Structure formats: C-alpha cells, structure tokens
Amino acid sequence: RFRLVCQSIIKVIMSNFLLNAQKLIAAAIQAPSSHNTQPWKFRIDNEKRAIDMFADSERNLPVNDPTRREVMLSCGCALGNIRCEAAKEKIPIKITLLPEVDDKDHETFNDWLAQIILTSNDEHNSIDENLAKLGRYILQRRTFRSPLNAEVDGLDSKVQELVHVIESYDDDCLFTIAGMSEKDREKMIGFVREGNACQWQDTKWREELSSWMRSGDDGLPVSFMTGPLIRTAIRWVNMGGSISAQEEDIIKSAPLLLMLGTKHGDEQKSLLKCGETLQLILLGATKVGLSAAYFNQPNQITSIREQLGKVLDCLVQKRDRNVLTPQLFLALGVPKNPSEPGKKRRRVQDVIV
C-alpha cells in the first residue's frame with residue numbers, strides 16, 4: 001500500500017510538471033520573430049524537470065539573417081515570455097543560457113540555447129511581481145504596420161513605468177526611448193529607406209520573403225486565395241519605394257522611437273538577453289496601452305548598421321560608455337487602426353520534439 005501511495009504522489013507531481021511545462025511553452029511561442037518563422041523547438045525532460053529550448057535550423061533565413069542574429073533575438077523573446085508566464089502562474093524557475101554539455105553529446109544538443117528548470121517552492125525562489133503583471137499581456141501584444149497617433153495621453157508616465165521595469169532587469173542591453181529630434185528622425189528614415197533599397201533590389205531576398213508569405217500557422221499572413229498573387233508580385237516587383245513611404249509615415253507620426261544595443265556585440269548570450277529585454281519592453285508597452293512597429297532593415301545591412309551604432313552611442317546617456325552594437329530599432333505609440341489581427345502560431349505539440 002505504501003508503494004501505491006508513493007506511485008500516486010509521483011504521478012501527481014509529474015502531471016503538474018507537464019501541465020506547467022506546457023503552459024510555459026504555450027507562452028513562449030507567442031513571441032515575435034522575423035517573418036514569423038517561429039525559429040524554436042522545445043524538449044521536455046521529465047527526469048530533470050526541465051524544458052530545453054533549441055534553435056530550429058530548418059526555420060533559418062539564410063538571406064535575411066545569415067548570421068542567425070535575429071534567431072537569437074527571437075528565442076530571447078520566447079524566454080522573456082517564459083519568465084513572465086512563470087511569474088504570473090507562480091511557477092518557480094531557473095533559466096540557464098547556453099548550457100555546457102560534454103563533447104560526446106555535442107551533436108545531440110546542437111543549437112541548445114537554454115534550459116528552464118522548474119524548481120520547487122521550497123527552494124526560496126521569489127516571484128517577481130513586475131514580471132507577473134507583464135505576463136497578463138502576452139496574448140494581447142501586437143505588432144502594427146499602420147501609422148501611429150502623434151499624441152498620447154499621459155505619455156511621460158507611461159515611459160517612466162516602462163523604463164522602471166526594464167532597468168531593474170538587465171544591464172547588458174542598453175536602450176533609449178525618446179521622441180528624437182526632427183534631424184535624428186530624418187536620419188533614421190534615411191537608414192530605413194537605404195535598407196529597403198538594398199533588400200528589395202536583391203532577388204534572393206525577395207524570393208525568401210515570398211516563401212514565408214503563408215496562409216497557415218506560421219509566416220506572414222496572406223489568404224489562401226490571394227497568396228499566390230502576392231508571392232508572385234513580391235518575387236518580381238521591387239516594392240522598396242512604396243514600403244519606405246509607409247514606414248516613413250510611421251516614423252514621423254510615432255511619439256516614441258526605441259533603440260536597443262548590446263555591450264558585448266553579437267555574442268549569443270548577449271543576443272538572447274537582448275531578446276528577453278525586448279519582450280519585456282513589448283509587454284510593458286502593451287500594459288500601458290502602446291504598441292510597436294519594427295524597422296529591421298538598418299540592422300540587417302552591415303554598412304547601415306555601423307552608422308546606426310554611432311547614433312545609438314550619442315543617444316544613450318550612460319556613465320558606462322562601452323561601444324554599443326545596435327540590435328533593434330522600433331516605434332512605440334497608439335495605432336490609428338487598432339483592429340489589426342495577430343499572426344498565427346503553431347500548436348504547442350508541434351514545437352515539442
């Protein structure tokens with residue numbers, strides 16, 4: 001009888017672990033990613049009570065992201081969601097980035113980015129209430145491509161609340177949130193315009209983009225009926241000029257522009273941490289009623305990225321004057337068209353290996 005009781009207790013414990021693991025993975029897959037590629041996969045380790053997160057090499061973008069910098073940022077965003085969901089659900093966790101493995105296991109653990117151990121409540125792991133509050137906004141977060149309202153009520157207090165949450169989290173990733181002068185805005189518009197020109201004249205880049213215009217549960221959403229027409233147009237028509245005009249309107253109308261940079265360049269750990277910080281910013285922005293629009297082109301073209309780094313160094317007023325490597329540029333504000341639907345995601349069971 002004692003053995004049966006023990007077995008029953010173990011079953012309950014494992015059942016709770018699996019349920020919590022699936023909750024965390026369900027939150028992780030809501031993170032943003034380039035072209036909505038969702039470049040992650042997970043393995044549940046029952047013995048260690050852990051979730052292992054891997055980069056999914058089959059979802060790379062070799063033209064748009066040849067160094068996989070944005071894969072690391074996206075997976076970092078997924079980890080940010082895991083932290084917030086765990087806090088919201090009061091699930092104690094410990095995250096280890098880039099776990100060390102024995103040489104004999106190298107092939108097995110290829111692209112192993114993080115291990116999330118679900119610890120017990122008696123290990124004195126405190127729950128971060130700030131992260132718990134952000135966890136409530138994981139499903140509400142949206143990326144917008146429409147112009148933003150130039151005026152936002154209570155903007156200063158919203159920014160202060162956002163900065164408070166982020167500055168208490170990570171000092172490896174530095175950021176600036178500012179209205180920016182007209183001169184700086186024009187400079188950023190020039191970077192975006194130049195980036196669009198470089199990418200849209202590249203037929204391989206357009207081919208890769210068109211392959212991710214999809215009507216399923218990943219990629220950039222198009223309808224089943226119009227998808228073939230849109231993919232053909234992207235392959236054969238240079239739309240750089242019209243895209244730049246749309247994005248110029250967003251930059252000009254945005255009440256806030258945000259830049260993120262790392263102290264340690266494009267090291268994997270720095271990129272993962274930067275992705276986590278980005279996700280906290282996005283959730284914090286959602287919490288105070290703001291949404292984000294991305295401008296990735298300046299960071300995807302090496303020559304433009306170098307110029308962007310000089311702008312970031314000038315804008316970030318910190319005593320620590322490390323040379324910063326720019327990683328992200330986005331606008332924050334209230335969309336004029338707030339009804340834009342969210343992008344679809346794969347099911348939890350589809351990302352577990």
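The values are calculated or read from the model by the stated rules, or taken from the named source; none is laboratory data. The structure presented is a predicted model; accordingly, all values stated were derived computationally and were not measured. Positions of Cβ are generated from backbone atoms using ideal geometry, with glycine treated the same way; all protein chains shown enter the neighbour counts. What goes into the accessible areas is simple: the full protein's heavy atoms, side chains included, and nothing from ligands, DNA or RNA. Shrake-Rupley method; radii C 1.70, N 1.55, O 1.52, S 1.80 Å.
Laid out as a table, the results:
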| quantity | calculated |
| --- | --- |
| Crossing angle, helix 302-315 versus the chain [Cα axis fit, 0-90 degrees, rounded to tens] | 80 |
| The chain, dipole about Cα centre (Lys/Arg Cβ +1, Asp/Glu Cβ -1), debye to the nearest 20 | 940 |
| Using alpha-carbon coordinates, inclination of helix 240-253 to the longest axis of the chain, degrees | 80 |
| Residue among Leu280, His264, Leu312 farthest towards the positive dipole end of region 248-316, charges placed on Cβ | Leu280 |
| Too-long pairs where the Cα-Cα distance tops 26 Å, listed order kept, from Lys23/Lys344; Lys88/Lys252; Lys88/Lys336; Lys90/Lys343 | Lys88/Lys252; Lys88/Lys336; Lys90/Lys343 |
| Nearest-20 debye value, region 167-288 charge dipole, Cβ charges on Lys, Arg, Asp, Glu | 380 |
| Sequence-distant residues sharing a close amide H with Arg214 (under 5 Å, placed H) | Leu220, Val222 |
| Fraction of beta bridges assigned by DSSP in the chain that are antiparallel (%, nearest 5) | 90 |
| Positive-end extreme of charge dipole, the chain - chosen from Ser211, Thr119, Ser15 (charges on Cβ) | Ser15 |
| Rh by Kirkwood over Cα pairs, then Stokes-Einstein D for region 57-106 at 0.692 mPa s and 37 °C, µm²/s | 247 |
| Gyration tensor over alpha-carbon atoms, region 234-353, equivalent ellipsoid semi-axes in Å | 25, 21, 18 |
| Size of electric dipole in region 231-303: Cβ of Lys, Arg +1 and of Asp, Glu -1, about Cα centre, debye, nearest 20 | 160 |
| The chain, relative contact order in percent, only Cα pairs under 8 angstrom and at least six apart counted | 24 |
| Highest-MSF residue in the chain out of Pro99, Pro255, Pro298 [GNM, Cα springs under 10 Å] | Pro99 |
| Relative packing of peptides 190-199, 341-350 - highest average C-beta neighbours within 10 Å first | 190-199, 341-350 |
| Nearest-10 value in Å² for the accessible area of Trp112, using the 1.4 Å probe | 30 |
| Cβ crowding within 10 Å averaged over residues, with 300-311, 150-161 ranked highest first | 300-311, 150-161 |
| Helix 182-200 vs. the chain, principal-axis angle (Cα, 0 to 90°, nearest 10) | 80 |
| Estimated vicinal HN-Hα couplings, Hz - region 47-62 in sequence order (Karplus 6.51, -1.76, 1.60; Gly, Pro = x) | 5, 8, 6, 9, 10, 9, 10, 10, 7, 8, 5, 6, 10, 5, 10, x |
